[in-house]
Every structure is written in C-alpha cells, then in structure tokens.
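Below is one structure; the comments refer to it alone.
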Amino acid sequence: MKKRKSYSKHDLRREIESTRIVVSMLSQRLLNLEKVFQLYVEMNKHEKKFEKFLDATKKEKEKENPEV
C-alpha cells in the first residue's frame, strides 16, 4: 500500500492565500480592462452607438432564450 502525501495546515493555508492573491490580481486586471474600454468608447464619442449595440444584443439573446 502506498503512503499518501499528507498536507499540513500550513500547506493548505499557503495555497489558499496564493489562490486568493491570483484571484485578486485577475479581478484588478479585469477592472483595468473595463476602464480602458470605457475610456476608449468615450474618446471616440461612441457612447450612444455602443448603448444601441448592447440593447440590440440583449434583445437578440432574450429572443433566443426567453426563459432566462
């Protein structure tokens, strides 16, 4: 019978903390990307055009999936 490697409380805590940091960095990057995209749309003065596009896309999705 093979002996399984056991994980200590410290090992688990370290891995959880590492995962938390990675998730936090990803979240921050997504926020930055969202801000850059928002500024790009504003710079090109396409706010209304983009809103119309999003509304049309939303209506199209609702037609495809009426139960959602």
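Between the helical axis of 9-43 and the dominant principal axis of the chain, each derived from Cα atoms, what acute angle in degrees is found, rounded to the nearest 10?
Compared with the principal axis, the helix lies near 10 degrees.
Under 21 Å between C-alpha atoms is the cut-off here; go through the chain and count lysine pairs that meet it, provided they're at least eight residues apart or on different chains.
12
What chymotrypsin sites (Phe, Trp or Tyr not before Pro) does the chain have in DSSP loop regions with at most 11 other beta carbons within 10 Å?
Sparse-neighbourhood loop chymotrypsin sites (Phe, Trp or Tyr not before Pro): TYR7.
Mind checking segment 16-68 for trypsin sites (Lys or Arg not before Pro) that DSSP puts in a loop (not H, G, I, E or B) and that have at most 14 other Cβ atoms within 10 Å?
Sparse-neighbourhood loop trypsin sites (Lys or Arg not before Pro): LYS45.
Suppose each label sits 7 Å from its Cα in the direction of the beta carbon; what would the ARG13-GLN28 distance come out to in nanometres?
2.3
Taking volume of the Cα convex hull per residue in Å³ as the quantity of interest, determine which of (1) 151; (2) 104; (3) 173 was computed from the displayed structure.
(3)
Would you work out which of HIS10, TYR40, LEU54 lies farthest towards the positive end of the dipole of the chain? Charges go on Cβ: Lys and Arg +1, Asp and Glu -1.
HIS10
Only the coordinates and a few stated rules stand behind these numbers; no lab work does. Keep in mind that this is a model prediction, so the values were computed, not measured. Because the Cβ atoms are built from the backbone with ideal geometry, glycine has one as well, and the counts that use them run over all protein chains shown.
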